[in-house]
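Asks: Could you have a look at this structure, given as structure tokens, before my questions?
The values are calculated or read from the model by the stated rules, or taken from the named source; none is laboratory data. On a predicted model such as this, the values are computed, not experimentally measured, just so you know. All Cβ positions, glycine included, derive from the backbone under ideal geometry; neighbour counts span all protein chains shown. For the accessible areas, the whole protein counts, side chains as well, though only heavy atoms, and no ligand, DNA or RNA atoms are used. Shrake-Rupley method; radii C 1.70, N 1.55, O 1.52, S 1.80 Å.
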Amino acid sequence: MGQKSRLLSLRQEPRQETPSVDSGKPELESRHDASEADACLGFPLPVRHMPSRRWQVLGAERHGNERAAACLTLEMSTIGEETSQNKQCQKSMWAAARQEGSSPCHLLTVRIISMKNVRQADILSQTDCFVTLWLPTASQKKLRTRTISNCPHPEWNESFTFQIQTRVKNVLEFSICDEDTLTQSDHLLTVLYDLSKLCLRNKTHVKFPLNPEGMEELEVEFLLEENVSSSETLITNGVLVSRQVSCLEVHAESRRPRKRKKNKNLLVMVTDSFENTQCVQPCLEPCCPNPACFHYPKYSQPQLYAEAPKSHWSYRLCCCEAQRNDTVCQPLDCLSDGQPMTLPLGENYELHMKSSPCSNTLDVRLGFSLCQEEVEFLQKRKVAVTKALNQVLQLEEGLHEHEVPMIAIMATGGGTRSMVSLYGHLLGLQKLNLLDCSVYLTGLSGAT
């Protein structure tokens with residue numbers, strides 16, 4: 001690779017102009033009409049919510065890479081002198097390492113119109129087709145259309161809405177399935193669509209060719225509109241985007257104290273939250289010292305579901321009005337920060353909740369350079385590496401700091417065999433006086 005290399009590189013995948021279709025078979029070539037919006041091959045990033053901070057690393061920034069995310073790779077190789085071009089690139093990375101600003105949310109409406117020439121999934125009848133929609137950057141919940149039975153050309157005309165952030169890489173996943181009554185539904189194929197192709201305030205009509213030979217296609221309509229009432233503060237480094245996270249405190253109050261037995265726990269769930277579902281112990285006072293906490297993205301349209309404990313007689317009277325009142329569903333997007341809210345739950349309980357913003361301290365460091373602790377380690381380690389290399393190579397003149405190579409020892413996993421093998425290699429490197437020439441030592445599984 002030569003004497004010069006990059007410590008950090010951004011890997012950008014080639015741009016694709018066709019929608020991605022995954023049917024578990026060799027990938028089909030799909031064609032798009034020139035008048036339709038182009039689609040991009042990519043995979044959405046998984047969403048994991050940070051449990052204790054205000055910010056959530058949610059996905060890749062929209063611009064920069066036309067695929068799902070830009071990959072950060074660390075190349076361990078010989079480090080030479082930096083050219084002026086590398087220095088300028090490093091300065092620009094530092095400038096874009098952390099940007100904070102307000103960004104409006106947008107309302108996306110997706111209308112599933114119809115399908116034509118659906119492939120036959122059952123032997124004795126036509127496909128009982130339905131479509132699921134999943135946009136992980138907006139919600140972890142999968143939406144679906146109704147099932148149209150025994151029809152090769154189903155028509156739904158059903159609309160679904162998502163609140164999205166356009167600075168996040170949004171990839172919508174369509175799954176076409178065949179519903180089975182006695183067994184699990186059959187997954188026929190998957191279509192991925194990059195929403196960055198949509199134009200604001202203009203309807204985009206797309207026909208996804210799923211099987212050109214059989215003229216199978218999915219017809220969908222998109223509409224992207226501004227949501228003036230919702231605007232959130234984002235932190236980004238140009239690749240990763242961190243969104244706001246709120247903390248919801250929930251505790252339950254029992255209206256009728258029980259004399260002998262303890263109050264049964266209430267089941268509370270907040271969609272898209274890190275905790276998802278928790279059991280809440282009712283108390284006899286409106287204030288509880290240890291409320292249940294849920295951490296969720298503030299602008300992801302979360303909802304709270306709660307269910308009161310049921311007695312033995314309520315299971316028998318499944319059609320009575322009392323049992324239907326033992327559950328509650330409350331959207332949280334209308335809940336302001338610091339504003340308490342009380343919800344009745346059945347006849348015996350009340351739910352008290354309050355939302356508050358989490359700390360604005362990030363759990364991750366958004367940057368392209370090494371952290372300060374690792375920089376200090378490298379400076380100290382280079383002294384030992386220089387001494388070891390001078391001894392092994394028997395150099396007449398010592399190495400300069402920029403001439404010291406970055407050597408890493410990498411070991412893979414494999415249980416006990418991997419552990420014994422790694423110990424043997426390390427012992428051999430030590431006898432050859434080469435172990436002190438390395439800067440990094442990595443292992444996996446048994447090698448650790």
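Asks: Would you please name the GluC sites (Glu not before Pro) within the stretch 197-239 that are DSSP coil residues with at most 10 other C-beta atoms within 10 Å of their C-beta?
Replies: Sparse-neighbourhood loop GluC sites (Glu not before Pro): Glu213.
Asks: On to the next question. Probe 1.4 Å, all protein chains in place: accessible area of Cys279 in Å², nearest 10?
Replies: Solvent-accessible area, nearest 10 Å²: 90 Å².
Asks: Work out the FRET efficiency for Cys279 and Phe377 from their Cβ-Cβ distance, taking R0 = 35 Å, and round it to the nearest 0.05.
Replies: The value I calculate is 0.20.
Asks: Could you order Met410, Met341 so the one with the most accessible surface comes first? Probe is 1.4 Å.
Replies: Correct descending sequence by accessible area is Met410, Met341.
Asks: In addition: Relative to the compact-globule scaling 2.2 N^0.38 Å, provide the ratio for the alpha-carbon radius of gyration of the stretch 271-430.
Replies: Dividing the Cα radius of gyration by 2.2 N^0.38 Å gives 2.00.
Asks: Another question, then. When the solvent-accessible surface of protein heavy atoms is calculated with a 1.4 angstrom probe, in what order do Tyr305, Tyr193, Tyr349 fall, highest first?
Replies: Largest to smallest exposure gives the sequence Tyr305, Tyr349, Tyr193.
Asks: Starting from the Cα-Cα distance between Thr327 and Ser445, subtract it from 0.36 nm times their residue separation and give me the gain in nm to one decimal.
Replies: 37.9 nm
Asks: Kindly provide the trypsin sites (Lys or Arg not before Pro) of the stretch 341-448 that DSSP labels as loop, not H, G, I, E or B, and whose Cβ sees at most 13 other Cβ atoms within 10 Å.
Replies: Arg365
Asks: Counting alpha carbon pairs within less than 8 Å and at least 6 residues apart, what relative contact order, in whole percent, applies to the stretch 130-282?
Replies: So the answer I get is 14 percent.
Asks: Let me ask something else. Net charge near Ala388, counting Lys/Arg +1 and Asp/Glu -1 over other residues with Cβ under 11 Å of its Cβ?
Replies: It works out to a net charge of +2.
Asks: Tell me which trypsin sites (Lys or Arg not before Pro) from the stretch 210-259 have a DSSP coil assignment and no more than 12 other beta carbons within 10 Å of their own.
Replies: Arg258, Lys259
Asks: Something else now. I'd like the accessible area for Thr132: 1.4 Å probe, protein heavy atoms, all chains in place, Å² to the nearest 10.
Replies: Approximately 30 Å² for this residue.
Asks: Under 8 Å for C-alpha pairs, at least 6 residues apart: give me the relative contact order for the stretch 149-193, rounded to a whole percent.
Replies: After rounding, I find 29 percent.
Asks: Can you pull the accessible area of His402 for me, 1.4 Å probe, Å² to the nearest 10?
Replies: The accessible area comes out at roughly 80 Å².
Asks: When Lys and Arg each count +1 and Asp and Glu each count -1, what net charge do the other residues less than 11 Å away from His251, Cβ to Cβ, add up to?
Replies: Around His251, the surrounding residues sum to -3.
Asks: Related question: Could you sort Val392, Val404, Val328 by their accessible area in this structure, using a 1.4 Å probe and putting the largest first?
Replies: So, going from the largest accessible area down, we get Val392, Val328, Val404.
Asks: Something else about it: Could you bin all the Cα-Cα distances of the stretch 363-448 into 10 Å bins starting at 0 and give me the percent of pairs in each, rounded to whole numbers?
Replies: 16, 36, 31, 16, 1
Asks: May I pose another question? Counting Lys +1, Arg +1, Asp -1, Glu -1, what net charge surrounds Glu179 among other residues with beta carbon under 11 Å of its beta carbon?
Replies: Once positives and negatives cancel, what remains is -3.
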